[in-house]
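**Q** Next up is a structure, given as structure tokens.
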């Protein structure tokens, strides 16, 4: 017993001595580690999962070890620089995650000046906790001043064994890092190399390794672009020349029904399907959108597949039938690429006039340079419309001209286009329903709940949604719906557009949090609490339901009486945004096999919707690659591991091909005119 006591006493003295003589280093270490734990807590969750903590510890120790090369009084500067680095890394990612539900990439940050979401949309959602990391350098500086006043640095200069401390810390860091990489699976390494699923990389390896890897990948991407084109082209050709895949290009009853007709896309900002099932005080949130769905052909299970490019990704997918880049935004980084798009084919092969129209500046998302490459002849943007741009003007909502005034002035432009062209294809992009969904004097929708006081009988009201993002979104969407109703009325009352088919689509979800949506469905304003599952009005809403709720409207509508007989009814087949273009290609009798989606009327229930994150959706399951879990969508249907693995492999292939097309500009024949299949 005495031996054990002496050993423990000796061990205690060693620990006490180490803490006493390494107070600055330990402060750096603990503060840095706390920051990496907090960033996971406020983003992906699982702050105390051991795998990312071990990796973070290894890297923090590795960086900290080299501080021992400096004299004690200069170690503060070294550690302080990295404390600042970690703080910036965490603040940027915390803020970035609010809007994109993803982590920041070097490439994306370098092009944010071109994105329309860079200001109000992000900053309106800032939380106090997003800046808690600023406490790290403040606390560290306070500790430094305390140590400085206690002669700590002078003592350490005399007694500190710098080389042995550095070596010991390096060995400790390597132990943690070796464990991290030794226990990583092949799938972990693959995802780290591809950097497709940033969330999963942070969950597995922590924020520090993720960000370092992202920086390396940004450089590697540039290098790989110079050397990897041949392999990418082989993958491309093997995929698109596969005979089994091309069975989905067969004819069906809709083949050719749109030949000779004008096509107009109406890109509806942040419009989601769940709005069509909501009403307050007897008034529907989006009555015009609902009427449009009833009048036309409504694809009720249509899912956007956007990545970091949000609205611009939606444009790209709807025009190409491909997937967006997972590493950067196409419009910002690859705007000079050669694209194969619906408007370009209609323009070059059938003589269509093509145009795009938007109430924002053409420089946003680099549309001024990208849209001509997508096949648009003319662009009608902010400068094409007349309105008062002053800050307090009712003409402006959010980023530009309000939708009502925009549609009012768009009609004569559209009529002039039709009067001077035999056929045309255009895209009209709405704006007012853009986040951050700020309340505006033009918004008049009442989301109060009215009830009778049980004691006095007096009518009371509460607005439990008024201070939440979901409430702001509902009010904003109602305004956008009113503007949409005006536009449909203009179209119906115009002498034009009898030969025109409109394709209305929601570009992406509103990026509302799970908490907000659960609050919408399950908050009881009478008790001030969320409903219990035993409540008969309780709505089951888990994380999978939240993913599935992100679907947006896709509606084909026309006032042409003959076509109205064709384009009607609800199509509830699971489909992705990349299925829209091939479906329309078949309707227009255009043969273009270079799409990743399918004509939905050919593939039907065999379809799979692949998301850039690596998640996928079929008519049977929604699979979350981050957790490896899935939700069954049908009762009495069984799927096995082979089904899950096969679809995951297919999803990886589609994402890889989508990235390769963009990264290596594979439609650019000038790169190699002899390339087969391009």
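The values are calculated or read from the model by the stated rules, or taken from the named source; none is laboratory data. These figures come from a predicted structure and were not determined experimentally. Backbone-built Cβ (ideal geometry, glycine too); neighbour counts: all protein chains shown.
**Q** Residue 200 versus (1) surrounded by 18 or more Cβ atoms within 10 Å (Cβ to Cβ); (2) under 20 Å from residue 26 (Cβ atoms): which is the lone unmet condition?
**A** Unmet for residue 200, out of (1) surrounded by 18 or more Cβ atoms within 10 Å (Cβ to Cβ); (2) under 20 Å from residue 26 (Cβ atoms): (2).
**Q** I need the helices (runs of 4 or more DSSP H) fully contained in the range 558-666, keeping only those with at least 2 residues that are under 23 Å from the mean Cα position of the chain (by Cα) and either modelled with pLDDT of 95 or more or crowded, with 21+ Cβ neighbours inside 10 Å (or both).
**A** Once the helices (runs of 4 or more DSSP H) in the range 558-666 are filtered for at least 2 residues that are under 23 Å from the mean Cα position of the chain (by Cα) and either modelled with pLDDT of 95 or more or crowded, with 21+ Cβ neighbours inside 10 Å (or both), what remains is 580-587, 641-663.
**Q** Could you tell me whether any residue of the range 233-244 is within 30 Å of residue 487 (Cβ to Cβ) and either surrounded by 13 or more Cβ atoms within 10 Å (Cβ to Cβ) or under 26 Å from the mean Cα position of the chain (by Cα) (or both)?
**A** Looking for residues that are within 30 Å of residue 487 (Cβ to Cβ) and either surrounded by 13 or more Cβ atoms within 10 Å (Cβ to Cβ) or under 26 Å from the mean Cα position of the chain (by Cα) (or both), one finds none in the range 233-244, hence no.
Residues are listed down the side, and each one gets a yes or a no for (1) touching a helix residue (DSSP H, G or I) at 6+ places or on another chain (Cβ under 6 Å); (2) exposed (fewer than 14 other Cβ atoms within 10 Å of the Cβ); (3) closer than 19 Å to residue 660 by Cα; (4) in the same structural domain as residue 585 (by TED's automatic domain parsing):
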| position | (1), (2), (3), (4) |
| --- | --- |
| 169 | yes, no, no, no |
| 187 | no, no, no, no |
| 194 | no, no, yes, no |
| 257 | yes, no, no, yes |
| 262 | no, no, no, yes |
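**Q** Quick check on this structure: which one of 443, 502, 487, 497 is without any contact (Cβ under 8 Å) to a residue 40 or more places away in the chain, more than 22 Å from the chain's Cα centre (by Cα) and either assigned by TED's automatic domain parsing to the domain that holds residue 401 or buried (at least 17 other Cβ atoms within 10 Å of the Cβ) (or both)?
**A** The conditions single out 443.
**Q** Hey, could you check the range 350-376 for residues that are free of Cβ contacts under 8 Å to residues at least 24 places away in the same chain and out of contact with any helix residue (DSSP H, G or I) (no Cβ under 8 Å at 6 or more places or on another chain) and say which is farthest from residue 400 (Cα to Cα)?
**A** 372
**Q** Also: Can you confirm whether residue 526 is in contact (Cβ under 8 Å) with a residue 40 or more places away in the chain, in contact with a strand residue (DSSP E or B) (Cβ under 9 Å, 6 or more places away or on another chain) and surrounded by fewer than 16 Cβ atoms within 10 Å (Cβ to Cβ)?
**A** Here the answer is yes, as residue 526 does meet what is asked.
**Q** If you don't mind, another one. In this structure, is residue 559 touching a helix residue (DSSP H, G or I) at 6+ places or on another chain (Cβ under 7 Å) and closer than 30 Å to residue 498 by Cα? Steps first, please.
**A** Working: touching a helix residue (DSSP H, G or I) at 6+ places or on another chain (Cβ under 7 Å): yes; closer than 30 Å to residue 498 by Cα: yes.
Yes: the conditions hold for residue 559.
**Q** Of the conditions (1) over 25 Å from residue 591 (Cα atoms); (2) in the same structural domain as residue 477 (by TED's automatic domain parsing); (3) over 28 Å from the mean Cα position of the chain (by Cα), residue 309 fails just one. Which one is it?
**A** (3)
**Q** Same structure again: Based on what the data block shows, is residue 126 surrounded by 13 or more Cβ atoms within 10 Å (Cβ to Cβ) and either at pLDDT 75 or above or closer than 19 Å to residue 40 by Cα (or both)?
**A** Numbers: surrounded by 13 or more Cβ atoms within 10 Å (Cβ to Cβ): no; either at pLDDT 75 or above or closer than 19 Å to residue 40 by Cα (or both): yes.
So residue 126 fails the test.
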